[in-house]
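Visitor: Please find one structure pasted underneath; my questions will follow.
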Amino acid sequence: MLRSGCLRTALFGGMLFTAGASASLAATLQAESAVLAGGTVAESTNAGYHGTGYANFPTTGGTTTFNNVNGEGGGVKSVAIRYANGTTTARAGSLVVNGSSTGISFAPTGAWTTWVTMNVNITLNNNSTNTIQLASTGQDLGNIDEITVPTAPGNVYTPQGYGAGATGGSTVFHVTNLNDTGTGSLRDALSASGRRVVFDVSGTITIASTLAIPSNTTIDGTTAPGSGITVTGYNTSMSGGSNIVIRNMRFREDATGPSGKCSLQGAPCDTVMIDHCSIEWGRWDCMEFTSSSHDITVQYCIIGQGIAPQYFGCLIDAGDRISIHHNLWIANDNRNPKLKGNCQYINNVVYNWGSAGGLQGGHSSAPWKSDFLSNYFIKGPNSGNDNWANDCTSNDQWYASGNYLDLDKNGSLNGTAITTAQYNSLGVTLLSSSQHSPAVPVTVDSASTAVSKAAAGNYGCQPLDAYDTAEIGYLKSYGTTGKIGK
Ligand SMILES: [Ca+2]
Ligand SMILES: [Ca+2]
């Protein structure tokens, strides 16, 4: 069924996906190859289509049916429909998903040769059992070129928490090369605000100076073919930015970047959604939100492999309304994160902290109030102590529930619930009720479910590359393997 209407309209380019390939991020199905009935015909008159043509509908009763659509694990998927409507008015019809019908409307695109992509959230069942049909019911719809169904975890977008209101940009800009600068580069794409940045290429972009992200920007790495996009060599900054969405990207500053900078940082930034990203190889921290940054979500990410001089995960300093949920923190010496802010810290998995500890408290002169729910702290071979949390004071004020701790490094996940006595030994102030209620709530899993999801490779930039795959392997050793840094 259709859960919401048109989320965004965007041109799609460079869709090089191969249906059925395990590493593909999406399966694209051509309308001209679908089952056409009721007077719907395959045409190739108007240029710009993908494949060999498109479906042209009669005024009423025409259908285009995509059978055996793979919903993988099932659930809500953002399905892209590429179409053209050369008239000046929207054309309405029906979208029928597994027999359940709802209305759908195709806005004018300006010309029959102007093809755009509309995303709709559709609930699909497991595996290749789904039927998606478009039908004309009194108007002859638009011409339908293709539909694209996401098939990897990174393509399922479920924004939650305080950053869920970020809408980013809408003017589509295609990154067409992996250059640091110049026409068609990512830096070129980020030279103006209001853009939705999509990728016609995949690979590594090596930057030699700070890459700045302006306000009202979407960077959608889910559009990159193949193995996705890695930004490395220097820091990427959202400082001064507002309303930013970043999905399915890798940011890895590495040793060529400034020692005081991070792979991804905002000092300050607000109204930010970071979804399914791998944020690693940062020098000061891998990630930072400082200077009163607010209304931010970091979800389904890997934050790890911090490098010299600090080997730290993330600094949150004077942050407000920050949701950090469903992330894997791995191979950082400390600061997973430093929790100096009013935060939701939910369903995080912290593995193999180093010499100082896992999560660092704010130990601030001001009180900070966080919901601290169903996280799992797992000691690893480089953990020099049992400090799953450190540097806490009474100004670290937590509503804590459902958190687990596994300190025995025995190769299996067999932790125990963190006790009131263990919180008290940190010196934190325990609060008796939840402190946070963002407009879009965070789904709270059990701590063990959070580990299962991380171990299944569902966090970080999809598809996982060799570095992230190695880190997941360390996690799944549950205490016996791992390292600090890259
Ligand atoms: Ca087509
Ligand atoms: Ca264990």
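The values are calculated or read from the model by the stated rules, or taken from the named source; none is laboratory data. Quick caveat, the model's predicted, so the values are computed rather than measured. Note that we place each Cβ from the backbone using ideal geometry, even for glycine, and neighbour counts take in every protein chain shown.
Visitor: So which of G415, G479 is in contact with a Leu (Cβ under 8 Å, 6 or more places away or on another chain), at pLDDT 95 or above, small (G, A, S) and within 16 Å of ligand 2 (Cβ to nearest atom)?
Guide: Matching residue, one of G415, G479: G415.
Visitor: Any idea which residue in region 399-412 is farthest from ligand 1 (Cβ to nearest atom), counting only those that are closer than 30 Å to G341 by Cα and surrounded by fewer than 19 Cβ atoms within 10 Å (Cβ to Cβ)?
Guide: Step one: filter region 399-412 for residues closer than 30 Å to G341 by Cα, giving 399-407.
Now narrow it down to the ones that are surrounded by fewer than 19 Cβ atoms within 10 Å (Cβ to Cβ): 399, 401, 407.
Numbers: Y399: 52, S401: 51, L407: 56 Å.
Step by step, filter region 399-412, then rank; the result is L407.
Visitor: Of all residues in region 359-388 being in a strand (DSSP E or B) and within 16 Å of ligand 2 (Cβ to nearest atom), which is nearest to E471 (Cα to Cα)?
Guide: Restricting attention to region 359-388, the residues satisfying the condition of being in a strand (DSSP E or B) are 359-361, 368-373, 376-378.
Applying the additional criterion that residues be within 16 Å of ligand 2 (Cβ to nearest atom) yields 376-378.
Details: Y376: 16, F377: 15, I378: 14 Å.
That would be I378.
Visitor: Here's something else I'd like to know. Filter region 121-150 for residues that are in contact with a Lys or Arg (Cβ under 8 Å, 6 or more places away or on another chain) and among the β-branched types (V, I, T); which is modelled with the lowest pLDDT?
Guide: Filtering region 121-150 down to residues in contact with a Lys or Arg (Cβ under 8 Å, 6 or more places away or on another chain) leaves 121-124, 139-142, 144-150.
From what is left, the residues that are among the β-branched types (V, I, T) are 122-123, 144, 147-149.
Working: I122: 89, T123: 84, I144: 98, I147: 96, T148: 90, V149: 87.
Once the filter is applied, the top-ranked residue is T123.
Visitor: Report those strands (runs of 3 or more DSSP E) wholly inside region 195-236 carrying at least 1 residues which are out of contact with any Leu (no Cβ under 9 Å at 6 or more places or on another chain). Steps first, answer last, please.
Guide: On the way: elements: 195-199, 203-206, 217-220, 229-232.
Strands (runs of 3 or more DSSP E) meeting the threshold: 195-199, 217-220, 229-232.
Visitor: Does S293 satisfy the condition of being surrounded by 24 or more Cβ atoms within 10 Å (Cβ to Cβ), assigned by TED's automatic domain parsing to the domain that holds D391, at pLDDT 95 or above and under 19 Å from the mean Cα position of the chain (by Cα)? Walk me through it before giving the result.
Guide: Working: surrounded by 24 or more Cβ atoms within 10 Å (Cβ to Cβ): yes; assigned by TED's automatic domain parsing to the domain that holds D391: yes; at pLDDT 95 or above: yes; under 19 Å from the mean Cα position of the chain (by Cα): no.
No: the conditions fail for S293.
Visitor: Here's another thing I want to ask about it. Just give me the residues in region 25-54 being more than 8 Å from ligand 1 (Cβ to nearest atom), part of a strand (DSSP E or B), over 30 Å from D465 (Cβ atoms) and touching a residue at least 24 places away in the same chain (Cβ under 8 Å), in sequence order.
Guide: Scanning region 25-54 gives V35, L36, A37, E43.
Visitor: Restrict the check to region 441-455 and report whether at least one residue is free of Cβ contacts under 8 Å to residues at least 40 places away in the same chain and buried (at least 17 other Cβ atoms within 10 Å of the Cβ).
Guide: yes
Visitor: Suppose the filter is modelled with pLDDT under 95 and closer than 27 Å to A27 by Cβ; does G221 pass it?
Guide: Working: modelled with pLDDT under 95: yes; closer than 27 Å to A27 by Cβ: yes.
Here the answer is yes, as G221 does meet what is asked.
Visitor: Any chance region 369-382 includes a residue that's of a type in the set (K, R), surrounded by 24 or more Cβ atoms within 10 Å (Cβ to Cβ) and on the phi < 0 side of the Ramachandran plot?
Guide: Kept after step one, since they are of a type in the set (K, R), are these residues of region 369-382: 369, 379.
Now restrict to residues that are surrounded by 24 or more Cβ atoms within 10 Å (Cβ to Cβ): 379.
Now narrow it down to the ones that are on the phi < 0 side of the Ramachandran plot: 379.
Checked against the condition, which is being of a type in the set (K, R), surrounded by 24 or more Cβ atoms within 10 Å (Cβ to Cβ) and on the phi < 0 side of the Ramachandran plot, region 369-382 yields at least one hit.
Visitor: Report, by residue number, each residue of region 328-339 that is touching a Phe, Trp or Tyr at 6+ places or on another chain (Cβ under 6 Å) and of a type outside the set (S, T, N, Q).
Guide: Selection gives L328, I330, D333, R335.
Visitor: Identify all residues within region 432-444 that are under 19 Å from A417 (Cα atoms) and either within 18 Å of the chain's Cα centre (by Cα) or outside the structural domain of S278 (by TED's automatic domain parsing) (or both); write none if there are none. Write out each step before concluding.
Guide: Filtering region 432-444 for residues under 19 Å from A417 (Cα atoms) gives 432-434, 444.
Listed by number, the list holds a single entry, V444.
Visitor: Same structure, new question: For S101, which of the numbered conditions (1) buried (at least 16 other Cβ atoms within 10 Å of the Cβ); (2) among the hydroxyl-bearing types (S, T, Y); (3) under 21 Å from A55 (Cα atoms) fails to hold?
Guide: Failed condition: (1).
Visitor: Still on this structure: Restricting to region 391-412, name every residue that is more than 18 Å from A318 (Cα to Cα) and away from ligand 2 (no atom under 16 Å from the Cβ). Step through it out loud before you land on a result.
Guide: Residues of region 391-412 more than 18 Å from A318 (Cα to Cα): 399-412.
Result: Y399, A400, S401, G402.
Visitor: Surrounded by fewer than 16 Cβ atoms within 10 Å (Cβ to Cβ) and under 23 Å from A27 (Cα atoms): does that describe T64?
Guide: Numbers: surrounded by fewer than 16 Cβ atoms within 10 Å (Cβ to Cβ): no; under 23 Å from A27 (Cα atoms): yes.
Against the criterion (surrounded by fewer than 16 Cβ atoms within 10 Å (Cβ to Cβ) and under 23 Å from A27 (Cα atoms)), T64 does not qualify.
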